[in-house]
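Chemist: Here's a structure for you.
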Amino acid sequence: MTGTPATVPAADPSAVAGVLSQLPEFAGRSLSLEPLAGGLTNRNYVVSLPEKRYVARCAGAKTSPLAIDRDAEYRNSQAAAALGIGPKVIAYFPDEQILLVEWIDGRTFDDSDMDEPETLARVAMACRRLHAGPAFVNDFDMFEIQRRYLRIVESHGFRLPADYAEFEPQTQRIEAVLRTTAPTTVPCHNDLLAANIMDDGQQIWLIDYEYSGNNDPCFELGNIWSEAVLEPDRLEHLVTSYYGRPAPAQTARARLFALMSKYGWTLWASIQDAVSSVDFDFWQWGMEKYDRAVAEFRGAEFDRWIDTIQQSLQHKGATP
């Protein structure tokens, strides 16, 4: 993890402009900075020159507990840009933790877009493009992150659902079956809520790589589906589009990863609820995820997802 970021640049557009003016192409020029809405972790600004626009991503002052490696974000953003799936990286200022990328002239998706089969198929192809690239510089493991978040929440006395620990046996079963059947990891975004997906009319772009890292592709698919709160048939369509065929075992893996993402991001929300200065109800956001996770932990399909993965191994004698 990197050190605690400087707080002044993220809070003060003029300070951000001062940092950016160190770049030769910006030196001596008047920069227009406007806040960019939507970030829950960072302060983002649209940086405008008469001929071009950029986005400056400024790390929040209290993000160190969230398992974000800003140096890895920078290097992985470069890798995604080289693939043509992420915006071009212009500069990175590690001391101030400011990342400057090119502006994408396109439309940001919302959850209703993700509910369209054609859009989901395009997103699946964008994921395949990212996943086929060179490995990222770090790994992302939701099981390890969930345990880390839980230690932070408990050690600091942050808010926690009263029955959170009740589902530890189920998470152990999920981890055991997914690790036993794990494929080779691929470079994943790991945070593909709709707001991190853009369409310029020609292609899909994946933006904001702060949680990026090598991971199981089924986590990516399950997390996409979970974040958009879609019906189960949409996950089947997403998985089928990604693999080019119906894939029940991979769909089951994606369902279990989606469950773990909801369970883990609940703790992210608890930490943010305690430390963030952003005007947002993190606790309500997290409890919505937690309530859906609890319903799935207790649901009749839980055992079926695990059985589907195990039976696929027995039938094929290989990882599904």
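The values are calculated or read from the model by the stated rules, or taken from the named source; none is laboratory data. Predicted model, so just to flag it, every value in this text is computed and none were measured. Here Cβ is always computed from backbone atoms with ideal geometry, including for glycine, and neighbour counts include all displayed protein chains.
Chemist: Right, LEU23: at pLDDT below 95, over 18 Å from the mean Cα position of the chain (by Cα) and not assigned by TED's automatic domain parsing to the domain that holds LEU150 or not?
Modeler: Values: at pLDDT below 95: yes; over 18 Å from the mean Cα position of the chain (by Cα): yes; not assigned by TED's automatic domain parsing to the domain that holds LEU150: yes.
The answer is yes for LEU23.
Chemist: Moving on. So which of THR4, THR41 ends up being in contact with a Gly (Cβ under 8 Å, 6 or more places away or on another chain), modelled with pLDDT under 90 and assigned to a loop (DSSP other than H, G, I, E, B)? Talk me through it step by step, then tell me what you get.
Modeler: On the way: THR4 fails: in contact with a Gly (Cβ under 8 Å, 6 or more places away or on another chain).
Within the list THR4, THR41, the selection yields THR41.
Chemist: Restricting to region 199-242, count the residues that are surrounded by 19 or more Cβ atoms within 10 Å (Cβ to Cβ) and either under 20 Å from ASP105 (Cβ atoms) or among the aromatic types (Phe, Trp, Tyr) (or both).
Modeler: Selection size over region 199-242: 10.
Chemist: Then there is this: I need the full set of residues from region 262-284 which are closer than 12 Å to ARG159 by Cβ and among the polar types (S, T, N, Q), in order please.
Modeler: Once the filter is applied, which keeps residues that are closer than 12 Å to ARG159 by Cβ and among the polar types (S, T, N, Q), region 262-284 yields THR266, SER270, GLN272, GLN284.
Chemist: Moving to a separate point now. Applying the selection to region 216-244, what residues are assigned to a loop (DSSP other than H, G, I, E, B) and within 15 Å of PRO117 (Cα to Cα)? Don't jump to the end; show me each part of the working.
Modeler: Applying the first criterion (assigned to a loop (DSSP other than H, G, I, E, B)) to region 216-244 yields 216, 228-231, 244.
ALA228, VAL229, LEU230, GLU231, GLY244 - these are the residues of region 216-244 that are assigned to a loop (DSSP other than H, G, I, E, B) and within 15 Å of PRO117 (Cα to Cα).
Chemist: Additional query: For region 264-285, check the following and say yes or no: at least one residue is crowded, with 20+ Cβ neighbours inside 10 Å, at negative phi and among the charged types (D, E, K, R).
Modeler: We begin by selecting, within region 264-285, every residue crowded, with 20+ Cβ neighbours inside 10 Å; these are 264-272.
Now restrict to residues that are at negative phi: 264-272.
Add one more test, that the residue is among the charged types (D, E, K, R), and what stays is none.
Among the residues of region 264-285, not one is crowded, with 20+ Cβ neighbours inside 10 Å, at negative phi and among the charged types (D, E, K, R), which makes the answer no.
Chemist: For region 51-87, which residues satisfy the criterion of being part of a helix (DSSP H, G or I) and modelled with pLDDT under 90? First the steps, then the outcome.
Modeler: So the first thing to find is which residues in region 51-87 are part of a helix (DSSP H, G or I), and the list is 64-66, 70-82.
Once the filter is applied, which keeps residues that are part of a helix (DSSP H, G or I) and modelled with pLDDT under 90, region 51-87 yields SER64, PRO65, LEU66.
Chemist: Here's something else I'd like to know. Can we say SER226 is in the same structural domain as ASN138 (by TED's automatic domain parsing) and modelled with pLDDT under 95? Lay out the reasoning, then the answer.
Modeler: Values: in the same structural domain as ASN138 (by TED's automatic domain parsing): yes; modelled with pLDDT under 95: no.
Answer is no for this residue.
Chemist: Let me ask you something else. Quick check on region 257-268. Is at least one of its residues more than 20 Å from LEU221 (Cα to Cα), in a helix (DSSP H, G or I), at pLDDT 95 or above and out of contact with any helix residue (DSSP H, G or I) (no Cβ under 7 Å at 6 or more places or on another chain)?
Modeler: Looking for residues that are more than 20 Å from LEU221 (Cα to Cα), in a helix (DSSP H, G or I), at pLDDT 95 or above and out of contact with any helix residue (DSSP H, G or I) (no Cβ under 7 Å at 6 or more places or on another chain), one finds none in region 257-268, hence no.
Chemist: Which of the helices (runs of 4 or more DSSP H) found entirely inside region 88-184 contain at least 2 residues meeting this: crowded, with 16+ Cβ neighbours inside 10 Å, hydrophobic (A, V, I, L, M, F, W, C) and on the phi < 0 side of the Ramachandran plot?
Modeler: On the way: elements: 111-114, 117-131, 142-156, 168-180.
So the answer is 117-131, 142-156, 168-180.
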